[in-house]
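**Student:** Following this message is one structure expressed as structure tokens.
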Amino acid sequence: MTTTISIKLETDVARREFIDKFDAFLLDCDGVIWEEEIVLPGVHETLKYLRSKGKQLLFVTNNSTRSRDAYLAKFQRLGIEAYVDEIFGSAYASAYYLKNVLDFPSDKKVYVIGESGITDELAAEGIQYIGSAADNESLKSMDFSKIVPDPEVGAVLCGFDLYVNYLKFAKAFTYLHSNPNCLFLLTNNDTTYPANGSIFPGTGSLAAPLVTALNRKPHCVIGKPNKPMLDCIVKKFHLDVKRTCMIGDRLDTDIQFGINGGISSLLVLTGVSQEKEILANDASIVPDYYIKSLGDFATIIE
Ligand SMILES: O=C(O)[C@H](O)[C@H](O)COP(=O)(O)O
Ligand SMILES: [Mg+2]
């Protein structure tokens, strides 16, 4: 097996040469740019520097809790220059995929386990939905009489949901179990979520009870590392894959996304994946480059 070596960008010369190699950067958000409301050190300066060099920046996040507009408000709140067309969240990509790829029927509904990011983006695409916040209060007793099949539910879409509960699982299970034509979609499959210098259960772990109960894998997972998200981006921006680099904190989503898309990849060590994982002899996913933090590029600013 040929061992791929990842290049660690430790010197200013190496960092400058790296930046000059690319015209477009796809930037992951959680664990790269910020941890929730805290922008990581040096990231403001680095993003400003990339823009000053005329680089195309695209923000590509598996986080489905916010719509593009809500993300734009977050970028503005945190003092980061961004434009709505540069933002690709898994909620937007899921609504785009349902509308433009699956041609989801207008007389059908989507049952949502997830938050306003998903419901706002579905509404923006004119797709009917039920569930989400309406089911934030779970069953109070073992009375299941109100949980019945609904042939109008054409898909179950599961994303990150702080209010996930038994009622939501029972409804989603019933729609999928009673109707083999009901689509089972995940916004993304991240097993963990980076926060507060640690990791917590992520969307993939929230959807796992449904996968187990149904004994069925999702019909489609939209977010990184899967093609639907990348197709959406490449089609919209006609990127030159040879001059494009994905920057992320997670090997099995961000770096695999770059590999799947035939674009270069840079791993940062401020989120989920660690240096020892890419240095291991049996490393299966190896980025082209890696650096301690996106903010470290601030050292080359003239
Ligand atoms: O659990 C999740 O959904 C993910 O951990 C989270 O959303 C990752 O977001 P990203 O790192 O792609 O910005
Ligand atoms: Mg991340």
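The values are calculated or read from the model by the stated rules, or taken from the named source; none is laboratory data. Since this is a predicted model, take the numbers as computed values, not measurements. Cβ placement follows ideal geometry from the backbone for every residue including glycine, while neighbour counts extend to all protein chains displayed. Heads up: the accessible areas ignore ligands, DNA and RNA and are worked out on the full protein's heavy atoms, side chains in. Shrake-Rupley method; radii C 1.70, N 1.55, O 1.52, S 1.80 Å.
**Student:** Out of all the residues in segment 63-71, is one or more outside any strand (DSSP E or B), closer than 17 Å to Cys220 by Cα and either open to solvent by 70 Å² or more (accessible area, probe 1.4 Å) or in contact with a strand residue (DSSP E or B) (Cβ under 9 Å, 6 or more places away or on another chain) (or both)?
**Tutor:** Filtering segment 63-71 for residues outside any strand (DSSP E or B) gives 63-71.
Add one more test, that the residue is closer than 17 Å to Cys220 by Cα, and what stays is 63-64.
From the residues that got through so far, the ones that are either open to solvent by 70 Å² or more (accessible area, probe 1.4 Å) or in contact with a strand residue (DSSP E or B) (Cβ under 9 Å, 6 or more places away or on another chain) (or both) too are 63-64.
Yes, some residue in segment 63-71 is outside any strand (DSSP E or B), closer than 17 Å to Cys220 by Cα and either open to solvent by 70 Å² or more (accessible area, probe 1.4 Å) or in contact with a strand residue (DSSP E or B) (Cβ under 9 Å, 6 or more places away or on another chain) (or both).
**Student:** Under 7 Å by Cβ, and 6 or more places apart or on different chains, what pairs join a residue from segment 55-67 that is farther than 15 Å from Tyr96 by Cβ with one that is near ligand 1 (Cβ under 10 Å from one of its atoms) and open to solvent by 20 Å² or more (accessible area, probe 1.4 Å)?
**Tutor:** Asn63/Phe160; Thr65/Phe160
**Student:** With Pro287, Pro201, Pro228, Pro218 as the choices, which residue is more than 13 Å from ligand 2 (Cβ to nearest atom) and more than 17 Å from the chain's Cα centre (by Cα)? Talk me through it step by step, then tell me what you get.
**Tutor:** On the way: Pro201 fails: more than 17 Å from the chain's Cα centre (by Cα); Pro228 fails: more than 17 Å from the chain's Cα centre (by Cα); Pro218 fails: more than 17 Å from the chain's Cα centre (by Cα).
Answer to the check: Pro287.
**Student:** Do any residues in segment 194-215 that are assigned by TED's automatic domain parsing to the domain that holds Phe160 and closer than 17 Å to Lys168 by Cβ have Cβ atoms under 8 Å from those of residues that are away from ligand 2 (no atom under 16 Å from the Cβ) and charged (D, E, K, R), where the two are at least six apart or on different chains, and which pairs are they?
**Tutor:** Leu206/Asp161; Val211/Lys217
**Student:** Separate question: Take Lys276 and tell me if it is modelled with pLDDT of 90 or more, farther than 23 Å from Leu50 by Cα and not acidic (Asp, Glu). So that I can check it myself, show each step before the final result.
**Tutor:** Working: modelled with pLDDT of 90 or more: yes; farther than 23 Å from Leu50 by Cα: yes; not acidic (Asp, Glu): yes.
Judged against the criteria, Lys276 is a match.
**Student:** Same structure, new question: Looking at segment 37-52 only, could you name the residues that are more than 13 Å from Glu302 (Cβ to Cβ) and open to solvent by 90 Å² or more (accessible area, probe 1.4 Å)? Spell out how you get there, then give the answer.
**Tutor:** Taking segment 37-52 and keeping what is more than 13 Å from Glu302 (Cβ to Cβ), we get 37-44, 46-47, 50-51.
Answer for segment 37-52, where residues must be more than 13 Å from Glu302 (Cβ to Cβ) and open to solvent by 90 Å² or more (accessible area, probe 1.4 Å): Ile38, Pro41.
**Student:** Does Arg15 fit the bill of being more than 16 Å from ligand 2 (Cβ to nearest atom) and touching a residue at least 60 places away in the same chain (Cβ under 8 Å)? Even if it seems obvious, please write down each step before you answer.
**Tutor:** Details: more than 16 Å from ligand 2 (Cβ to nearest atom): yes; touching a residue at least 60 places away in the same chain (Cβ under 8 Å): yes.
When the stated conditions are applied, Arg15 passes them.
**Student:** Do we have Val112 as in contact with a Gly (Cβ under 9 Å, 6 or more places away or on another chain), away from ligand 2 (no atom under 16 Å from the Cβ) and either open to solvent by 50 Å² or more (accessible area, probe 1.4 Å) or over 25 Å from Ile19 (Cα atoms) (or both) here? Please lay out each step first, then the result.
**Tutor:** Values: in contact with a Gly (Cβ under 9 Å, 6 or more places away or on another chain): yes; away from ligand 2 (no atom under 16 Å from the Cβ): yes; either open to solvent by 50 Å² or more (accessible area, probe 1.4 Å) or over 25 Å from Ile19 (Cα atoms) (or both): yes.
In short, yes.
**Student:** Oh, and also: For segment 240-251, what are the residues that are in contact (Cβ under 8 Å) with a residue 60 or more places away in the chain and either within 11 Å of ligand 2 (Cβ to nearest atom) or touching a Leu at 6+ places or on another chain (Cβ under 9 Å) (or both)?
**Tutor:** Thr244, Cys245, Met246, Ile247, Gly248, Asp249, Arg250
**Student:** A further question on this structure: Here is a list of conditions, (1) in contact with a strand residue (DSSP E or B) (Cβ under 6 Å, 6 or more places away or on another chain); (2) closer than 18 Å to Thr11 by Cβ, and Ile247 meets all of them except one; can you say which number that is?
**Tutor:** For Ile247, the failing item is (2).
**Student:** Another question, then. If Asp103 passes every condition in (1) assigned to a loop (DSSP other than H, G, I, E, B); (2) within 30 Å of Lys171 (Cα to Cα); (3) within 13 Å of the chain's Cα centre (by Cα) but one, which one does it miss?
**Tutor:** (3)
**Student:** In the list Leu239, Leu183, Leu167, which residue meets the criterion of being away from ligand 1 (no atom under 16 Å from the Cβ), in contact with a His (Cβ under 8 Å, 6 or more places away or on another chain) and open to solvent by less than 60 Å² (accessible area, probe 1.4 Å)? Steps first, answer last, please.
**Tutor:** Working: Leu239 fails: in contact with a His (Cβ under 8 Å, 6 or more places away or on another chain); Leu167 fails: in contact with a His (Cβ under 8 Å, 6 or more places away or on another chain).
Only one candidate passes the filter, namely Leu183.
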